[in-house]
Amino acid sequence: MSLSFHSCIVICLDGPAGSGKSTVASLLSSRLGWPHIDSGGIYRTLTLASMSKIGKGKSAEEFGELFSSKKIKPESLDCKIIMQKTNQINYIGSRDIKSEIRIPDVTSRVRYIADNHEYRDYVNSILRSFTKNQKGLIVDGRDIGTVVFPDSPMKFFLETSPSIRSIRRKNELQEMGCETSLKEITSKIEKRDHEDRTREVGGLRKAKDVVMIDTSELTLDDVVSRIVSHLK
Ligand code: C5P
């Protein structure tokens, strides 16, 4: 088994929404000086670009129907994912769409993009391309250890209790100026978990050789230290 992709060590961080993957990944990135790739951010960027192409004012279901009937090619969306030192920047045209991709309208539509096999292959090839000329990489998502880099020996699955995940999500939304009840957030998280876990290809599953980390009782620094100790 090859230890890495193009001699690059890939730390795979998978887990459900709100499990702390992206925060852990950016802390790891600062600690190791390796780039952090947020695969969910790429799915979100493609979703936002498809939303502009399909037109405003459509419900999530209408968007899903139009997206599948129009057969929009991912290459036609004018999205670029650039790595600037260790930071990923997502562009649509020349626009950096950093915070726009986190809005609830994108979150409720991203599943239609993530369910599409052509789009999954497209995202996976972008993710693999980042291993070139890199010593190490931290990639977070749902299928990173199972589908994208199955040969990586550094696979971690972060888990957290649903109540803690809902509180984290509420705080994130509050920072973005969106006030939503905890009950509504919990039900949306449960819906997304179900969609992510039951996705036929690229669904959220645990690789056989994955290291499970429950982040409910640990500080994020503890999680980072645990991962770094595996690296050593
Ligand atoms: O990680 P984040 O919550 O931003 O991901 C948004 C969505 O993108 C997920 O709910 C999932 O539908 C999709 N996704 C995926 N595979 C990945 C990363 C994200 O299907 N590797």
For residue 200 and residue 69, FRET efficiency with R0 = 22 Å and r from the beta-carbon atoms, rounded to 0.05?
0.65
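Taking only the C-alpha atoms, wrap a convex hull around the stretch 39-129 and report its volume per residue in Å³ as a whole number.
Output value, Cα hull per residue: 90 Å³.
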Mean residue ellipticity at 222 nm from the helices of the chain, using -39,500 (n - 2.57) per DSSP H segment of n ≥ 4 over the full residue count, to the nearest 500 deg cm²/dmol?
-14000 deg cm²/dmol
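Could you compute the longest span of the chain free of GluC sites (Glu not before Pro) located in DSSP loops and having at most 15 other Cβ atoms within 10 Å, not counting the site residues?
On the way: sites that count: 179, 200, 217.
The longest uninterrupted stretch comes out as 1-178.
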Of all the accessible heavy-atom surface of the stretch 39-129, with the other protein chains kept in place and a 1.4 Å probe, what percent is carbon and sulfur?
49 percent
What is the log10 of I(q)/I(0) for the chain, computed with the Debye formula using one identical point scatterer on each Cα and no solvent, at q = 0.10, 0.12, 0.13, 0.14 Å⁻¹?
-0.44, -0.65, -0.77, -0.91
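Just want to confirm a number: the relative contact order over the chain, from Cα pairs under 8 angstrom separated by 6+ residues, in percent. Spell out each step's value before the answer.
Details: 346 pairs, mean separation 80.4, N = 232.
The value is 35 percent.
May I ask you to give the solvent-accessible area per residue for the chain, in square angstrom, as obtained with a 1.4 angstrom probe?
Spelled out: the 1.4 Å probe surface of the chain, per residue, equals 51 Å².
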Taking H as built 1.01 Å from N, whose amide H comes closer than 5 Å to the amide H of residue 88, not counting residues under 5 places away?
36
How many angstrom lie between the Cα centre of the stretch 94-120 and the Cα centre of the stretch 2-53?
14 Å
Set 155/188; 58/191; 21/71; 73/155; 21/170; 170/208, cut-off 22 Å on Cα-Cα distance; pairs above it are 155/188; 21/71; 73/155; 170/208
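The values are calculated or read from the model by the stated rules, or taken from the named source; none is laboratory data. No experiment lies behind these values; they were computed from the predicted model shown. In this analysis, Cβ positions are derived from the backbone assuming ideal geometry, glycine residues included, and neighbour counts consider all displayed protein chains. Side chains are part of the model used for accessible areas, which takes the heavy atoms of the whole protein and leaves out ligands, DNA and RNA. Shrake-Rupley method; radii C 1.70, N 1.55, O 1.52, S 1.80 Å.
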